[in-house]
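Values in this text are rule-based calculations from the coordinates and carry no lab data. Every value quoted in this text rests on a predicted model; they were computed, and no experiment measured them. Counting neighbours? That spans all protein chains shown, and the Cβs are built from the backbone with ideal geometry, glycine included.
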Amino acid sequence: MDQTTNMVDVARLFMEFCMDESCGKCIPCRVGILQLHHLLTKISKGEASKADLQLLEELWDMVKHTSLCGLGQSAPNPVFSTLRYFPDEYLALVISH
Amino acid sequence: MSVKTLTINGELVSAREDETLLEAAKGGGVHTPTLCHLDGVGDVGPCRLCLLEIAGSNKLHPACLRKVAEGIEVNTHSARLQKYRRTIIEMSFAEGNHICSVCVANGNCELQDLAIEMGMDHVRIEYQLPNRTVDTSHDHFGIGHDRCVLCNRCVRVCDEIEGAHTWEMVVRWSKSHVITDLNQPWGTSQTCTSCGKYVNACPTGAIFYQGSSVGEIKNYRSKIDF
């Protein structure tokens, strides 16, 4: 990774990995990580709105705190840390109405 | 058996030391929303609806599994918990193909009841529209995977009460689903005793009596409780 890396894409790739690793037992991880991946894909394509970004914020918090095991609890980490340290990259891709 | 005293939502509640927080709350008149819990079978805790806040702990604890302890302070209905619960129900609806208007359990469905309880009037997340199957190979019953919320109550009822263990969960992630025996049509099952307990155990209209029309399923949970 260097200064040219797309951080939204990094988060999306981590979600893709976590989706594959999810056991599928609990609702937050099984559905939540898929939804996070879907939202991140939408954002990277430039098709997401501010409401989608707000939903992303709500979902990562919910998945992190309600998941049954460590996979679901740590999966949203790339999402919230890229949101925290690289918010400009997200905002640049979001459609402002 | 000693008695433990704890605080639930600001009120003092007494409970036996082997009781779970869910049972203690019920004893204290507090209803905790659940989906995968079924009185009479063991708890697994995958639905995450019964999560509670305990003072002094920054984690959330499932009420159906956490045992009571002396002096703990429990909050069952904070704004944060209600927000999480509502999102969990939205996720449940988005994950399957739940079309209430044509469902056998319309009006008698725990998922509907939970949606009403959580004030869910719309689903904010994208519907996944999965390609799921229906198995009506059994003479008397059927299973429509579109309506399955993967609570695995049917698995536990068949295993712990009937003792046949016909049902099992297979595959990981969102492809996870229930199967009969060695992933074969229900009608060919060697272990199924056709006891019908699964119809009473299923919280939605996923498992049904064949020939049932819209809204005709009635679940008698008390027949499984002990």
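Considering only B:Thr32, B:Thr133, B:Thr204, the mean-square fluctuation computed in a Gaussian network model of chain B, springs between alpha carbons under 10 angstrom, is largest for B:Thr133. When the helices of chain B are scored as -39500 (n - 2.57) per DSSP H run of n ≥ 4 and the total is divided over every residue, the value at 222 nm lands at -5000 deg cm²/dmol. Against chain B, whose longest principal axis comes from its Cα atoms, helix B:79-95 is set at around 10 degrees.
Assuming a ≥ b ≥ c are the square roots of the Cα gyration tensor eigenvalues, decide whether the range B:88-145 counts as rounded (a/c under 1.5), prolate (otherwise, with a/b larger than b/c) or oblate. Because a/c hits 1.5 or more and a/b fails to exceed b/c, the range B:88-145 counts as oblate. Partnerless cysteines in chain B, where a partner means another cysteine C-beta under 4.7 angstrom, comprise B:Cys50, B:Cys64, B:Cys100, B:Cys103, B:Cys109, B:Cys148, B:Cys154, B:Cys158, B:Cys192, B:Cys195, B:Cys202.
The share of Cα pairs per 5 Å bin across the range B:137-199, counted from zero up to the longest distance, runs 4, 18, 31, 29, 14, 3, 0 percent. Among the residues of B:88-97, the average count of other protein chain beta-carbon atoms within 10 Å of the residue beta-carbon is 3.
Straight-line cross-link reach from B:Lys83 at under 26 Å between alpha-carbon atoms covers these lysines, not counting any fewer than eight positions away in the same chain: A:Lys25, A:Lys42, A:Lys50, A:Lys64, B:Lys26, B:Lys59, B:Lys67. By the Stokes-Einstein formula, at 0.890 mPa s and 25 °C, the protein assembly as shown with its Kirkwood radius over alpha-carbon pairs has D equal to 116 µm²/s. Divide the volume of the convex hull around the Cα atoms of the range B:54-120 by the residue count and you get 117 Å³ per residue. The range B:3-77 has equivalent-ellipsoid semi-axes of 18, 14, 11 Å, by the square roots of 5 times the alpha carbon gyration tensor eigenvalues, sorted largest first. Calculated mean residue ellipticity at 222 nm for chain A: -22500 deg cm²/dmol, from DSSP H runs with n ≥ 4 weighted as -39500 (n - 2.57), summed, divided by the residue count and rounded to 500.
Each of A:Ser81, A:Leu55, A:Thr66 was placed along the dipole of chain A (beta-carbon charges, centred on the mean Cα), and the one lying farthest toward the positive end is A:Thr66.
Please state, as a whole number in µm²/s, the translational diffusion coefficient that the Stokes-Einstein equation yields for the range B:102-223 at 25 °C and 0.890 mPa s, with Rh defined as the Kirkwood radius across alpha carbon pairs. All intermediate terms of the calculation are to be shown ahead of the outcome.
Working: Rh = 15.1 Å.
Here the translational diffusion coefficient equals 162 µm²/s.
For chain A, modelled as a GNM with alpha-carbon contacts under 10 angstrom, which of A:Ala75, A:Ala48, A:Ala11 fluctuates the most? Among A:Ala75, A:Ala48, A:Ala11, the largest GNM mean-square fluctuation belongs to A:Ala48.
Computed from the mean reciprocal separation of all distinct C-alpha pairs, what Kirkwood hydrodynamic radius does the range A:7-93 have, in Å? Don't jump to the answer; show the numbers that get you there.
Values: mean 1/r = 0.0800 Å⁻¹.
Taking every pair of different Cα atoms in the range A:7-93, averaging 1/r and inverting gives 12.5 Å.
Rank by packing, highest mean first: peptides B:41-49, B:95-103, B:180-188, with packing defined as the count of other Cβ atoms within 10 Å averaged across residues.
Descending packing order for the listed peptides: B:41-49, B:95-103, B:180-188.
At 15 Å minimum axial length over the Cα atoms and a Kyte-Doolittle cut of -0.5, report the qualifying DSSP H helices in chain A, or say none.
Span-like helices here: A:7-21, A:27-44, A:50-66.
Please work out whether chain B counts as rounded, prolate or oblate from its C-alpha gyration tensor, where a ≥ b ≥ c are the square roots of the eigenvalues and a/c under 1.5 means rounded, while otherwise a/b larger than b/c means prolate and anything else oblate? Prolate shape, in that a/c is at least 1.5 and a/b is the bigger ratio. Here B:Lys197 is the anchor, and the lysines within straight C-alpha reach of less than 17 Å, apart from those fewer than 8 places off in the same chain, are B:Lys218, B:Lys223.
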